[in-house]
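Participant: Please find one structure pasted underneath; my questions will follow.
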Amino acid sequence: MNRIQRWTGSLLLALFACGTVSFAQSDTQALYVSKCQPCHGATGDGKTPMGKKVGAAAFSSKDVVESSDALLLATIKDGKGKMPAWGNKLTEAQLKDLLAYVRSLAAK
């Protein structure tokens, strides 16, 4: 019986961890949709009407892909050109999650 309880506990822990990761990704995607997508677009190509107007960078562009995480994080925090600064509106964890989300869009 003890073995079954340990197995069940391990399974529940694994399911909980997966649910937490999905929840975090969902939160980050919602944050991206509300803060970044109007200019950068759903795929990060920057081809939205607002993106074209302000010159939003495509995440798959050479400049973005070759930029360090530190530089991109600073851009998200401090803004650049017509891009607003988000450092005073988002937590450090949210900023890092957005960076990871941007990198994932660039990879597609």
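Participant: Could you give the length gained by full extension between Leu71 and Val33, i.e. 0.36 nm per residue of separation minus their alpha carbon distance, to one decimal place?
Facilitator: 11.5 nm
Participant: Starting from the residue with the highest accessible area, list Glu66, Glu92 in decreasing order, probe 1.4 Å.
Facilitator: So the residues, ranked largest to smallest area, are Glu66, Glu92.
Participant: Shape of the stretch 66-107 from its Cα gyration tensor (a ≥ b ≥ c, root eigenvalues): rounded if a/c is under 1.5, otherwise prolate when a/b > b/c, or oblate?
Facilitator: Here the stretch 66-107 falls in the oblate category.
Participant: Now a separate question. When only DSSP loop residues count, what chymotrypsin sites (Phe, Trp or Tyr not before Pro) in the stretch 48-108 have their Cβ near at most 15 other Cβ atoms within 10 Å?
Facilitator: Answer in residue order: no site qualifies.
Participant: For Asp78 and Thr43 in the same chain, what is the full-extension length gain: residue separation times 0.36 nm, less their Cα-Cα distance, in nm?
Facilitator: 10.3 nm
Participant: May I pose another question? Taking a 1.4 Å probe, which of Ser68, Ser61 shows the most accessible area, and what order do the others take after it?
Facilitator: Solvent-accessible surface, decreasing: Ser68, Ser61.
The values are calculated or read from the model by the stated rules, or taken from the named source; none is laboratory data. As the structure is a prediction and not an experimental result, all values here were calculated from the model. When we count neighbours, we look across all protein chains shown, and the Cβ atoms used for this are built from the backbone with ideal geometry, even at glycine. What goes into the accessible areas is simple: the full protein's heavy atoms, side chains included, and nothing from ligands, DNA or RNA. Shrake-Rupley method; radii C 1.70, N 1.55, O 1.52, S 1.80 Å.
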